[in-house]
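Here's the structure, in structure tokens; my notes come after.
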């Protein structure tokens, strides 16, 4: 099957949708499907791991839903026409909401015989974001009408897609590749945070909770892996709390280094409280095998962790939960064992066949539609 995967940014970015596209591309190619990457970014194909493909637009970073995300800007009409001509597709896989500059332009020029599949990754309770996405839906009615079928990464994202985008998606989770750590970090963390340093992700909540741990944990360390606009303020807060000797800001880390940190930590903590439709980083932490995953009790994270009460936490009880887990190795081992079994539901061999089934249904639907038109 010939599949085009659209991502409106640099696929090397440390973002959930970029991870989704990279993992899907690798899985499809391993299954001998022909994959074309259609991106906005600094290099052709948009990803160092996948040669070829097309970089069709520039990207800009815009604040959406408490985060900064990539949006295509100043797309080349000539490049889009060339990509569609040179890479005929059975399926074009897009993501909603999308920019009319890149994805919208492709949909307007796409051959009628190409099926369109869309994935929705989004959820929010923020009123401005909900209003903005409703306006986006009104402005992009034609693009939405071109979608043959849709996917949501969680029931939370599916509910948002129905209410805001007017589509009824099939729920298929994001997936991860099973892998093993290739080494150990120079400094293993008792507690680890991985993610963008933006308010929504909750790094400040974790720092405050870590600083409040009782005296028996005075030797524990915290590593903050990731970067973002909050980093200077977080570093100042660590100094004011007097815990700078126990807290390391690792900055942006490579995929390999991230996996090594996860494998070596005792607890990987992700205290985001809002705006999460899924949680790929939770899956990565579980797959690493060495740490207990502790996550904010928001709908997306709760679904990934199957509502496991020992692994979900409100911000006001985070210090107490860290205290319990750090003090009880037997409990950590039991939770890790559960995680290792649970994460198998999200691996490529389990999830990819579900996506391929959606592709096949979409292309069969399209062929029936074309046949009906021809017989009129």
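Tabulated results
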quantity	calculated
Selection within segment 203-233 - more than 23 Å from residue 264 (Cα to Cα) and in contact with a strand residue (DSSP E or B) (Cβ under 7 Å, 6 or more places away or on another chain)	231
Test for residue 305: is it farther than 21 Å from residue 158 by Cα and not assigned by TED's automatic domain parsing to the domain that holds residue 153	no
Filtered residues of segment 287-300 (kept if at pLDDT 95 or above and under 23 Å from residue 23 (Cβ atoms))	293, 295
Cβ-Cβ under 6 Å pairs, at least 6 apart or on other chains, segment 259-277 side free of Cβ contacts under 8 Å to residues at least 40 places away in the same chain and not assigned by TED's automatic domain parsing to the domain that holds residue 303, far side surrounded by 23 or more Cβ atoms within 10 Å (Cβ to Cβ) and part of a loop (DSSP other than H, G, I, E, B)	none
Any chance residue 106 is crowded, with 16+ Cβ neighbours inside 10 Å and under 30 Å from residue 262 (Cα atoms)	no
Any hit, segment 353-361, residues being modelled with pLDDT of 95 or more and in contact with a helix residue (DSSP H, G or I) (Cβ under 6 Å, 6 or more places away or on another chain)	no
Given (1) crowded, with 20+ Cβ neighbours inside 10 Å; (2) more than 14 Å from residue 193 (Cα to Cα); (3) out of contact with any strand residue (DSSP E or B) (no Cβ under 9 Å at 6 or more places or on another chain), index of the condition residue 239 fails	(1)
When residues of segment 51-66 are limited to those that are surrounded by fewer than 20 Cβ atoms within 10 Å (Cβ to Cβ) and closer than 26 Å to residue 122 by Cα, the one modelled with the lowest pLDDT	66
Filter result for residue 214 (at pLDDT below 95 and under 22 Å from residue 316 (Cβ atoms))	yes
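The values are calculated or read from the model by the stated rules, or taken from the named source; none is laboratory data. Since we're looking at a predicted model, the values are computed, not measured. Positions of Cβ are generated from backbone atoms using ideal geometry, with glycine treated the same way; all protein chains shown enter the neighbour counts.
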